Amino acid sequence: MTNKTVIRQVNEHVGEKVVIGSWLNNKRSSGKIQFLQLRDGTGYIQAVVVKSEVSEDTWNAAKSLTQESSLYVTGVIREEPRSQSGYEMTVTELDIIQLTENYPITPKEHGVDFLMDHRHLWLRSQKQRAIMVIRAEIIRAIQEFFDQHHFTLVDPPILTPTSAEGTTNLFHTKYFDEDAYLTQSGQLYMEAAAMALGKVYSFGPTFRAEKSKTRRHLIEFWMIEPEMAFTDHEESLVVQEQFVTHVVQSVLKNCRSELEAIGRDITKLENIQAPFPRITYDEAIDFLHTKGFDIPWGEDFGAPHETAIAEQYDKPVFITHYPAGIKAFYMKPDPNRPEVVLCADMIAPEGYGEIIGGSQRIDDPELMEARFKEHELSPETYQWYLDLRKYGSVPHSGFGLGLERTVAWICGLEHVRETIPFPRMLYRLYP
Ligand code: 4AD
Ligand code: MG
């Protein structure tokens with residue numbers, strides 16, 4: 001039996017005969033030689049079929065191959081400095097699994113809607129594959145950071161009776177005789193977990209019925225939510241900048257070839273080193289006025305405002321101390337200025353928008369009860385959350401990083417639809 005291997009590991013088989021399960025990406029021929037561009041998901045390799053060196057059956061099999069046909073290819077691995085991967089295969093045999101007819105995604109240009117309808121096939125393209133590899137590396141680096149810093153992974157529920165981030169974009173469902181919602185954020189549960197375990201993080205899907213169709217919003221997205229007991233707002237910012245630095249530097253170290261395959265400007269990512277600049281909401285408003293934006297104090301920023309601010313920096317920037325009125329009910333007011341809260345949004349450079357939202361949490365039970373009233377949140381549903389403030393309340397802070405926006409930024413993608421294998425968007429539930 002010939003050794004079975006994958007393209008990623010051909011370097012371990014130079015001079016040996018191996019068999020690789022693969023798909024035909026593309027093909028060129030010059031009369032007596034056929035060059036097969038093969039992919040197997042782990043990488044790309046050129047396999048060379050020389051007419052005088054193979055059987056007639058093998059030569060004809062190679063000739064019959066169409067784009068995305070599946071095959072086992074057998075041959076000898078050679079070093080080939082001129083090829084992109086550094087290796088080539090000299091083919092001895094071909095075993096076709098299936099000849100593909102009329103593969104819908106051809107090398108010519110296709111429109112976005114067509115590609116989204118064929119997302120299950122589009123994932124096979126070199127760029128989409130590279131994005132998925134980078135996404136996986138980002139997830140790995142995220143978990144590595146929190147594991148190294150002794151945070152415990154905790155899984156909050158997906159079906160919840162409460163809202164964490166306002167009631168306008170909740171997904172409603174029946175839970176037998178009760179009403180339930182798909183989680184918008186695991187935060188409230190992570191606060192309970194922090195009181196049990198100290199430093200915790202969650203990583204899971206979250207859902208928001210966003211009626212706005214933008215290039216930054218998904219209906220289903222993945223969020224990392226760390227929560228830390230005995231930690232104030234300033235200490236949380238330090239964790240955030242170290243965390244994001246670790247993620248970006250890990251991708252640079254482990255995904256060079258994927259970043260190159262999608263044409264990312266790597267120098268922009270090399271700049272990403274803690275500390276990150278910080279400006280207050282007030283300073284941001286003043287700056288926007290100098291740029292001609294007509295935005296009153298107390299209004300939330302939109303994408304154009306965030307982009308104008310981010311353009312001033314070559315690293316992510318924290319915007320801190322937003323007005324309480326435009327932020328979530330649980331954020332702790334600044335003791336020196338209660339109309340603003342101890343919070344920060346981290347805005348990515350190059351116009352990729354908010355990637356982190358975080359804050360110090362209210363730890364005083366009376367103030368929390370007052371907030372329930374102001375926000376018309378039913379005290380019964382949130383009783384357990386109030387308990388966290390009644391039994392050994394401590395200062396605590398946390399934040400949430402949106403995975404897909406982070407992938408969009410690190411990969412330099414125009415739209416979040418390419419950052420997740422099967423995006424759920426306002427008008428898309430298929431495939
Ligand atoms: O700012 P958000 O709403 O904060 C929270 O949910 C907090 N409970 C987090 C916490 O403190 N534990 O969302 C956090 C991040 C945003 O900065 C953004 O990156 C991402 O989640 N996000 C979205 N990403 C894609 N599509 C959407 N519809 C998103 N909504 C938020
Ligand atoms: Mg936010």
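Throughout, read-outs are computed from the coordinates displayed, never taken from laboratory work. Bear in mind that the values here come from a model prediction, so they are computed numbers and not experimental data. A quick note on method: Cβ atoms are made from the backbone with ideal geometry, for glycine too, and the neighbour counts reach across all protein chains shown.
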Candidate span helices, the chain: DSSP H, at least 27 Å along axis from Cα coords, Kyte-Doolittle average at least -1.0, result 126-148, 233-254
For the stretch 68-138, one quarter of the surface area of the C-alpha convex hull, expressed in nm², comes to 7.1
At 7 Å along the Cα-to-beta-carbon direction for both Glu350 and Lys253, put a label point, then send me their distance in nm to one decimal.
2.1
Report the convex hull volume per residue for the stretch 1-55, counting only C-alpha atoms, in Å³.
93
DSSP beta bridge pairing in the chain, given as percent antiparallel to the nearest 5
85
Arrange the following residues from fewest to most other Cβ atoms within 10 Å of their Cβ: His415, His396.
His415, His396
Over the chain, relative contact order from alpha-carbon pairs under 8 Å, at least 6 apart, %:
13
Compactness relative to 2.2 N^0.38 Å, alpha carbon Rg of the stretch 1-143:
1.12
Note down the magnitude of the dipole of the chain about its Cα centre, charges +1 on Lys and Arg C-beta and -1 on Asp and Glu C-beta and zero elsewhere, to the nearest 20 debye.
1720
How high is the FRET efficiency between Glu311 and Arg82 when r is their beta carbon distance and R₀ equals 45 Å, given to the nearest 0.05?
0.60
The long-range amide H neighbours of Lys332, using H built 1.01 Å from N in the peptide plane and a cut-off of under 5 Å, are Leu342, Gln360, Arg361, Ile362
Quick one: dipole size for the stretch 5-89, taken about the Cα centre, charges +1 on Lys/Arg Cβ and -1 on Asp/Glu Cβ, in debye to the nearest 20.
280
When the label point is put 7 Å from the Cα of Arg337 along its Cα-to-beta-carbon vector, which residues of the stretch 274-308 have a backbone N closer than 12 Å?
279-286, 298
Need one number: nm distance between label points at Ser29 and Lys291, each 7 Å from Cα along Cα→Cβ, rounded to one decimal.
5.7
Work out how much length Met1 to Ile97 would gain on full extension: take 0.36 nm times their residue separation and subtract the Cα-Cα distance, in nm to one decimal.
32.7 nm
Measure off 7 Å from each Cα along the Cα-to-Cβ vector at Glu16 and Asp282, then give the distance between these two points in nanometres to one decimal.
6.8
Stretch Leu159-Asn271 to full length: gain in nm at 0.36 nm per residue minus the Cα-Cα span?
36.3 nm
So what's the stretch 280-431 giving for Rg/Rh, alpha carbon basis, Kirkwood Rh from the mean inverse pair distance?
1.03
Cα radius of gyration and Dmax for the stretch 76-211 (Å):
23.3, 67
Leu170's amide H: which non-local residues (gap 5+, or another chain) put their own amide H closer than 5 Å, with H modeled 1.01 Å from N in plane and none for Pro or chain starts?
Ala209
Counting other Cβ atoms within 10 Å, keep those with at most 10, restrict to DSSP loop, and tell me which chymotrypsin sites (Phe, Trp or Tyr not before Pro) in the stretch 157-244 are left.
Phe176
For the chain, which semi-axes, largest first and in whole Å, follow from the square roots of 5 times the eigenvalues of its Cα gyration tensor?
50, 22, 21
